[in-house]
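For reference, the structure is listed below as structure tokens.
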Amino acid sequence: QIRIDDIRHLLGRLALKPFRAAVQAAVIEGAERLNEEAANALLKTLEEPSRSTRFLLTTSRLSQCLPTVVSRCQLIHCEPLPAEAVQRVLIEREDCEPEAARAVARLCGGSLARAVDLAGRWAPYGRLIERLAHGPASSWLEQPLPESREEVTQLLDGLMAWLRDVAVAAAADPALAVHAA
């Protein structure tokens, strides 16, 4: 969560004039994580920012953002990155193994930040998903499951992507889907 103290600290920094630049920018990544108090503390400044201040709030979950914050922002919708581009970045910049990069790129939903995060923790997920894909159901139960809410969400997102791929394969070629499942 982004708490009110974080926003107060940010607003205190933004109250200072920029040293050399004409404007200063504040980036709030994951705006859906603003708790209600933090969002309310930000509202007045979003309504009437100083001439030298710009805000950029990012989110992949617009519906989870406080509506009063969203109403004070200009929305710019960005398309997810193609899996090939994510895979290339993971291999070239993150030194990810090509096979893991390919799998993570398919599971991240076009989000490079999610891909980098998942790639950093790929080993246990990769083994679990491989067991789901290639072994009997009892074999994957031996794999320890993630403990944090975020890790569980990422694993479930990955499994949903895998199930979607199986469904697409089944629609295209029923024999292939039986092999994949």
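The values are calculated or read from the model by the stated rules, or taken from the named source; none is laboratory data. Fair warning: this is a prediction, and the values are worked out from it, not measured in the lab. Cβ sites come from the backbone with ideal geometry, for glycine too, and all protein chains shown count toward neighbours. Accessible surface is based on the protein model in full, side chains and every heavy atom, while ligands, DNA and RNA are left aside. Shrake-Rupley method; radii C 1.70, N 1.55, O 1.52, S 1.80 Å.
So for the stretch 43-63 (the condition being within 18 Å of GLY110 (Cβ to Cβ) and not polar (S, T, N, Q)), does at least one residue qualify?
Looking through the stretch 43-63, at least one residue is within 18 Å of GLY110 (Cβ to Cβ) and not polar (S, T, N, Q).
Do you know which residues across the stretch 53-63 are loosely packed, with under 15 Cβ neighbours inside 10 Å and among the hydrophobic types (A, V, I, L, M, F, W, C)?
Correct list: LEU56, LEU62.
Go through the stretch 89-112 residue by residue and tally those that are part of a helix (DSSP H, G or I) and in contact (Cβ under 8 Å) with a residue 12 or more places away in the chain.
Number satisfying all stated conditions: 12.
Only one residue in ARG106, ARG114 is touching a Phe, Trp or Tyr at 6+ places or on another chain (Cβ under 9 Å), open to solvent by 40 Å² or more (accessible area, probe 1.4 Å) and within 20 Å of LEU155 (Cα to Cα), so which one is that?
Answer to the check: ARG106.
Being surrounded by 11 or more Cβ atoms within 10 Å (Cβ to Cβ) and either among the hydrophobic types (A, V, I, L, M, F, W, C) or modelled with pLDDT of 60 or more (or both) is the requirement here; does PRO144 meet it?
Values: surrounded by 11 or more Cβ atoms within 10 Å (Cβ to Cβ): no; either among the hydrophobic types (A, V, I, L, M, F, W, C) or modelled with pLDDT of 60 or more (or both): yes.
In short, no.
With the requirement that a residue be assigned to a loop (DSSP other than H, G, I, E, B) and either charged (D, E, K, R) or surrounded by 17 or more Cβ atoms within 10 Å (Cβ to Cβ) (or both), what does the stretch 1-37 give you? Steps first, please.
So in the stretch 1-37, the residues assigned to a loop (DSSP other than H, G, I, E, B) come out as 1, 3, 15-23, 30, 35.
Of everything in the stretch 1-37, those that are assigned to a loop (DSSP other than H, G, I, E, B) and either charged (D, E, K, R) or surrounded by 17 or more Cβ atoms within 10 Å (Cβ to Cβ) (or both) turn out to be ARG3, LYS17, ARG20.
Which pairs turn up if I take residues in the stretch 64-88 that are over 12 Å from VAL104 (Cα atoms) and open to solvent by less than 100 Å² (accessible area, probe 1.4 Å) and look for partners that are hydroxyl-bearing (Ser, Thr, Tyr) and assigned to a loop (DSSP other than H, G, I, E, B) with beta carbon separation below 7 Å, at least 6 apart in sequence or on another chain?
CYS65/THR59; PRO80/SER111
For ALA167, state whether it is exposed (fewer than 15 other Cβ atoms within 10 Å of the Cβ), on the phi < 0 side of the Ramachandran plot and at pLDDT 65 or above.
It is true that ALA167 is exposed (fewer than 15 other Cβ atoms within 10 Å of the Cβ), on the phi < 0 side of the Ramachandran plot and at pLDDT 65 or above.
Restricting the stretch 38-52 to residues that are open to solvent by 50 Å² or more (accessible area, probe 1.4 Å) and outside any loop (DSSP other than H, G, I, E, B), which is farthest from PRO80 (Cα to Cα)?
First, the residues of the stretch 38-52 that are open to solvent by 50 Å² or more (accessible area, probe 1.4 Å): 40, 44, 47-51.
Add one more test, that the residue is outside any loop (DSSP other than H, G, I, E, B), and what stays is 40, 44, 47.
Working: ASN40: 29, LYS44: 31, GLU47: 29 Å.
Among them, the one singled out is LYS44.
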